[in-house]
Ligand SMILES: Cc1cc2nc3c(=O)[nH]c(=O)nc-3n(C[C@H](O)[C@H](O)[C@H](O)COP(=O)(O)O)c2cc1C
Ligand code: SF4
């Protein structure tokens with residue numbers, strides 16, 4: 001096949017196999033297992049990736065210590081108890097499904113101190129409430145080797161093509177660390193000793209799976225912990241592991257979990273390919289094995305260039321392929337403009353997983369719902385209907401797209417002169433352009449479909465009725481509250497009707513803002529810090545207040561955005577104050593209250609107060625259409641203000657059933 005991406009399309013030998021291309025699924029746990037056992041959902045999820053064209057699927061995550069705590073109760077529910085033979089029938093279906101598409105499948109497993117309550121050395125440990133976890137004994141090590149063997153037996157019996165040892169914050173990697181490994185026996189001290197655990201485990205696993213299957217290792221060669229594993233040391237470790245002859249490839253990344261997960265799965269604030277340098281460093285010294293790389297690789301040309309420049313041999317992607325499993329096929333078929341882009345928001349993928357929920361995706365509602373919504377499931381509607389969609393934000397655009405794909409006659413009406421809704425504003429916040437990455441994609445898709453789009457048109461009951469639709473989909477969005485009405489009190493903040501008190505919408509629409517600004521964040525999400533940073537960068541003196549105990553205490557926490565946002569706020573010079581709300585605003589005088597102690601303080605000389613309150617669903621049209629005899633559905637923020645993911649999900653739910 002002729003392709004503009006010859007390096008991504010090129011086959012490569014890994015162990016005894018030839019991968020059909022160099023686009024691999026980076027190991028990522030979707031957390032769909034049930035009490036340690038794979039499920040149909042898991043099966044469908046993994047096979048979808050091969051359907052989409054990836055040459056290799058590295059499944060994850062399997063815990064390995066069969067004597068460890070119950071998998072069901074471990075952090076990140078939904079992991080696989082790799083040793084459990086009940087997984088074999090599921091694995092076999094996955095293997096058959098993936099092989100059918102000409103791809104290969106490996107399974108990643110490991111065991112970590114934060115799950116196992118075992119530690120390489122006696123140290124306080126996050127997974128143990130920071131209590132000191134005792135150093136594992138020789139018997140513990142022998143037991144772990146036994147566990148690894150049991151896991152490898154299951155993988156081999158199930159017919160998988162290979163195993164990947166999980167080594168970015170796991171016993172496989174903790175032993176390398178100069179900070180974590182303080183042992184005084186033959187597993188600690190000199191480099192040879194620090195490699196002993198990994199090499200013993202590799203020899204045990206290899207002993208079970210033989211050479212007809214692949215054994216590889218995910219390896220953080222620079223763990224970013226002070227005094228732990230600097231890059232030069234990590235590269236030397238990689239060189240020695242490669243030279244040992246036990247493994248067939250190295251999947252290189254950086255950082256360590258659980259301490260620095262924000263660097264393993266970083267949000268949009270981090271540049272594409274941020275850790276390719278580490279794979280490149282290993283590739284310079286390891287000539288005998290294929291070197292894999294990962295880390296916010298989303299753009300096909302960027303991926304192609306990594307391989308073309310010899311920086312790595314295989315590009316692995318987790319989130320780009322969650323957002324669009326057909327990424328590889330689209331690349332090979334020259335349809336890169338059709339790739340649905342990952343936003344790097346982390347909200348529905350790792351953001352859900354951290355909360356112990358099954359993984360999804362903001363822009364791909366099919367993630368985890370492949371059986372109903374996956375590749376090839378969209379069917380033409382039994383009956384062509386006239387569908388009027390009101391509102392051209394993410395929900396409305398997606399509704400129009402799905403309805404048109406199913407053959408309906410679609411009219412999309414948007415009040416403003418541009419499609420995109422609030423995302424047009426959200427993408428203007430500093431560092432957050434990627435949140436709007438799907439808009440050009442949606443517009444392109446709509447442009448390829450026979451959708452009538454009316455911009456600058458205010459839909460009224462009369463105009464909608466005049467359209468003679470069979471179905472109306474109302475996606476009129478939400479508007480930002482600036483009354484400060486918080487669920488805590490149900491009372492508005494006194495003075496919020498003043499001209500110098502502004503909402504998110506006012507600010508993003510370019511309202512005049514003075515030099516001394518207070519931003520009150522009642523949501524704990526990205527808008528308030530984003531606005532504060534934007535204004536401070538423009539030279540204003542900005543104080544960011546929140547009644548919560550932490551800035552960004554809601555979504556930012558579990559989407560790994562918070563550390564980056566806090567850093568940006570500090571750099572911009574924003575003063576932050578937690579546990580604080582506003583009692584009243586009178587002219588330029590703002591009275592604050594410590595929400596824990598009730599203590600009052602006053603700020604004078606404040607030019608502008610920006611209240612980032614909740615969002616109010618815009619339900620006027622939907623309500624007015626009730627009783628008019630037209631089938632009507634509300635989706636997205638106007639049904640319930642939530643996330644872009646919810647907007648997409650609503651659109652799919654309704655329009656796939658029309
Ligand atoms: C939901 C989710 C789960 C992940 N689970 C694992 C895992 O089990 N093992 C692993 O080595 N990496 C895991 N990762 C990290 C990815 O392999 C990858 O290194 C990271 O997401 C950066 O690559 P990306 O930008 O292509 O997503 C996970 C990532 C995500 C998003
Ligand atoms: S949820 Fe967001 S970050 Fe995660 S895969 Fe989907 S688009 Fe990418």
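Going through segment 274-305 one residue at a time, which ones are within 16 Å of ligand 2 (Cβ to nearest atom), without any contact (Cβ under 8 Å) to a residue 40 or more places away in the chain and buried (at least 23 other Cβ atoms within 10 Å of the Cβ)?
Scanning segment 274-305 gives a single hit, 297.
So which residues in segment 340-356 are farther than 23 Å from residue 441 by Cα and more than 11 Å from ligand 1 (Cβ to nearest atom), if there are any at all?
Once the filter is applied, which keeps residues that are farther than 23 Å from residue 441 by Cα and more than 11 Å from ligand 1 (Cβ to nearest atom), segment 340-356 yields 355, 356.
Having 3 or more residues that are within 13 Å of ligand 2 (Cβ to nearest atom) and within 20 Å of the chain's Cα centre (by Cα) is the bar; report the helices (runs of 4 or more DSSP H) wholly within segment 334-413 that clear it.
Correct list: 350-354.
Of these, 116, 137, which one is in contact (Cβ under 8 Å) with a residue 24 or more places away in the chain, more than 27 Å from residue 16 (Cα to Cα) and in the same structural domain as residue 89 (by TED's automatic domain parsing)?
Unique residue meeting the criteria: 116.
Residues to consider are 465, 461, 501; find the one that is touching a strand residue (DSSP E or B) at 6+ places or on another chain (Cβ under 6 Å) and either surrounded by fewer than 22 Cβ atoms within 10 Å (Cβ to Cβ) or assigned by TED's automatic domain parsing to the domain that holds residue 570 (or both).
Sole residue among the options that is touching a strand residue (DSSP E or B) at 6+ places or on another chain (Cβ under 6 Å) and either surrounded by fewer than 22 Cβ atoms within 10 Å (Cβ to Cβ) or assigned by TED's automatic domain parsing to the domain that holds residue 570 (or both): 501.
Would you list the strands (runs of 3 or more DSSP E) that sit entirely within segment 1-110 and hold 3 or more residues that are in contact (Cβ under 8 Å) with a residue 12 or more places away in the chain?
Fully inside segment 1-110 and qualifying: 12-14, 23-28, 56-63, 104-110.
Could you say which residue among 294, 308, 243, 279 is closer than 20 Å to residue 23 by Cα, assigned by TED's automatic domain parsing to the domain that holds residue 125 and out of contact with any strand residue (DSSP E or B) (no Cβ under 7 Å at 6 or more places or on another chain)?
308
Provide a single number: the residues in segment 628-638 that are on the phi > 0 side of the Ramachandran plot and either assigned to a helix (DSSP H, G or I) or modelled with pLDDT of 95 or more (or both).
Residues in segment 628-638 being on the phi > 0 side of the Ramachandran plot and either assigned to a helix (DSSP H, G or I) or modelled with pLDDT of 95 or more (or both): 1 in total.
Here's the yes/no breakdown for (1) farther than 29 Å from residue 315 by Cβ; (2) at pLDDT below 95:
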{"residue": "23", "(1), (2)": "no, no"}
{"residue": "28", "(1), (2)": "no, no"}
{"residue": "37", "(1), (2)": "yes, no"}
{"residue": "40", "(1), (2)": "yes, no"}
{"residue": "44", "(1), (2)": "no, no"}
{"residue": "53", "(1), (2)": "no, no"}
{"residue": "67", "(1), (2)": "yes, yes"}
{"residue": "79", "(1), (2)": "no, yes"}
{"residue": "83", "(1), (2)": "yes, no"}
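Report, by residue number, each residue of segment 339-382 that is surrounded by fewer than 14 Cβ atoms within 10 Å (Cβ to Cβ) and at pLDDT 95 or above.
372, 376, 377, 379, 380, 382
Which of the residues belonging to segment 61-84 are surrounded by 24 or more Cβ atoms within 10 Å (Cβ to Cβ) and either outside the structural domain of residue 171 (by TED's automatic domain parsing) or within 16 Å of residue 26 (Cβ to Cβ) (or both)?
62
On the basis of being over 31 Å from the mean Cα position of the chain (by Cα) and at pLDDT below 95, does residue 581 make the cut?
For residue 581, the condition - over 31 Å from the mean Cα position of the chain (by Cα) and at pLDDT below 95 - is met.
Go through segment 306-326 and count every residue that is touching a residue at least 12 places away in the same chain (Cβ under 8 Å) and more than 12 Å from ligand 2 (Cβ to nearest atom).
So the answer is 11.
Restricting attention to segment 320-338, and to residues there that are crowded, with 23+ Cβ neighbours inside 10 Å and more than 24 Å from residue 17 (Cβ to Cβ), which single residue is nearest to ligand 1 (Cβ to nearest atom)?
Taking the candidates together, the pick is 322.
The values are calculated or read from the model by the stated rules, or taken from the named source; none is laboratory data. Small disclaimer: the values here were computed from a predicted structure and weren't measured. Backbone-built Cβ (ideal geometry, glycine too); neighbour counts: all protein chains shown.
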